[in-house]
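Here, each number is a calculation from the coordinates, and none is a lab measurement. Note that the coordinates shown come from a computational prediction; the quantities given were computed from them, not determined experimentally. Here the Cβ positions follow ideal geometry from the backbone for every residue, glycine too, while neighbour counts run over all protein chains shown.
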Amino acid sequence: MYSEIINKIKEFDNIIIARHIGVDPDALCSQFALRDSILLTYPEKHVLAVGTGSQKFLSFGKLDKYEKLENALLIVCDTPDRKRIDGANPDDFKYSIKIDHHPFVEKVCDLEFIDDKKTSVSEIIMDMLEKTELKCNNNIAELLYMGLASDSNRFLFNSCTSETFSIVSRYLEKYPFDLSNAYQKLYLRPLNEVRLEGYISLNMVVTVNNLGYVLITDEIINKFGVDSASAGNMVNNFNFIKEVLVWATITEDVKNNQYRVSIRSRGPEIQKIAEAHNGGGHKYASGVKTKTKEEALEVMKDLDLLLQEYNKNKEESA
């Protein structure tokens, strides 16, 4: 299918690359890397990476201002369903392509490439660049490494395979970017975020069924001087609490009049709970958006019941 994607990229002079709302490193890095690779390969093309950014990821690169382009191609990265596309509507384009690693939710684009066995869309793009005429350089390779490293939680998830390590090794050999610099871009944080992490640790509710969650209100966000995206992404910092198997952040997003629920698991599969509340994601990393705090807390109740059943089954099989 890579050849079909390349043929469509060749066909269109105007290309817009989008990804999901609530930006994270894999979505942003794959988006930037694909844009820069297309421009490097076909410098005559007009290629834009669009969507809402985050202060947290300013060092990754600069997003482009959306333009209404005639006879344009849309490429959507890291987004399983239409409602989560940030900054573009497939109906406004002559042709559309989706490149994703989430389990299939719904058909969004004319051409869809989905590999839910890959760690990240960044890994898919790495593979595509190796197997097609699309060009790469040290900066593009660094972006793709950051996206892969982030979505695999620094190679800790079971989605990492021998091929994951092989492709990373080949990229490091061919494009010797500074690993230390890449990790600083990913994980260097201002002091106010570290202090917010301390607040989350102190205020996390932990149930008897091993669910941990915290409500981060707009008041708390303003108190610590962070944005809602940065606060929500802190769910990734609590992977190894012995008493917690599933953990979540509920972040108030006043700008969009919603609560963002980010969920992670070290045991039961949480994706179906997220889907039941109009969210989605992966088996062990999912998200939901709700209009009210009460709806978000209902998600917590369902997760707690899931854990209750999970723990019961585990005890019975022991």
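Using a 7 Å offset from the Cα along the Cα-to-Cβ direction at both F157 and K301, what is the distance between the two label points in nm, to one decimal?
3.0
With both partners inside the chain, how many of the DSSP beta bridges are antiparallel, as a percent to the nearest 5?
Close to 45 percent.
Given K242/K283; K68/K272; K45/K289, which pairs have Cα atoms separated by over 25 Å?
With Cα atoms farther than 25 Å apart: K68/K272; K45/K289.
On a 0 to 90° scale, report how tilted helix 25-41 is relative to the longest principal axis of the chain, with both axes built from alpha carbons and the result rounded to the nearest 10.
Between the helix axis and the principal axis of the chain, the angle is about 0 degrees.
Please work out whether the stretch 2-186 counts as rounded, prolate or oblate from its C-alpha gyration tensor, where a ≥ b ≥ c are the square roots of the eigenvalues and a/c under 1.5 means rounded, while otherwise a/b larger than b/c means prolate and anything else oblate?
Working: a/c = 1.44, a/b = 1.37, b/c = 1.05.
It comes out rounded by the Cα gyration axes.
Calculated FRET efficiency, V254 and D127, Cβ-Cβ r, R0 25 Å, to nearest 0.05?
On the way: r = 40 Å, r/R0 = 1.59.
Efficiency at R0 = 25 Å is approximately 0.05.
Counting other Cβ atoms within 10 Å, which GluC sites (Glu not before Pro) in the stretch 188-284 have at most 16 and lie in a DSSP loop?
Those satisfying the criteria are E243, E269.
With a 10 Å Cβ neighbour count serving as the proxy for reagent exposure, in which order, fewest first, do R35, R84, R19, R266 appear?
Placing the least packed residue first, the sequence is R266, R84, R35, R19.
Going through the stretch 24-105, which GluC sites (Glu not before Pro) have at most 10 other Cβ atoms within 10 Å and a DSSP loop state? Each step should come with its number before you reach the end.
Values: sites: E44, E67, E70; in loops: E44, E67, E70.
Answer by residue number: E44, E70.
On a C-alpha basis, how far is the centre of the stretch 1-58 from the centre of the stretch 72-133 in Å? Whole number, if you could?
Rounded to whole Å, the Cα centres lie 10 Å apart.
Which GluC sites (Glu not before Pro) from the stretch 131-177 combine a DSSP loop assignment with at most 14 other Cβ atoms within 10 Å?
Filter output for the stretch 131-177: E133.
Fewest to most neighbouring Cβ within 10 Å: what's the order for V226, V168?
Sorted ascending by nearby Cβ count, the order is V168, V226.
Among I263, I220, what is the fewest-to-most ranking by other Cβ atoms within 10 Å? Walk me through the intermediate numbers first.
Numbers: I263 26, I220 18.
Final ranking by Cβ density, sparse to dense: I220, I263.
How big is the Kirkwood radius of the stretch 184-318, worked out from every pair of different alpha carbons and given in Å to one decimal? Could you put the intermediate results ahead of the total?
Values: mean 1/r = 0.0661 Å⁻¹.
Mean inverse Cα-Cα distance, inverted, gives 15.1 Å.
Tell me, Kirkwood radius of the chain from alpha-carbon pair distances, in Å?
Roughly 20.3 Å, rounded to one decimal.
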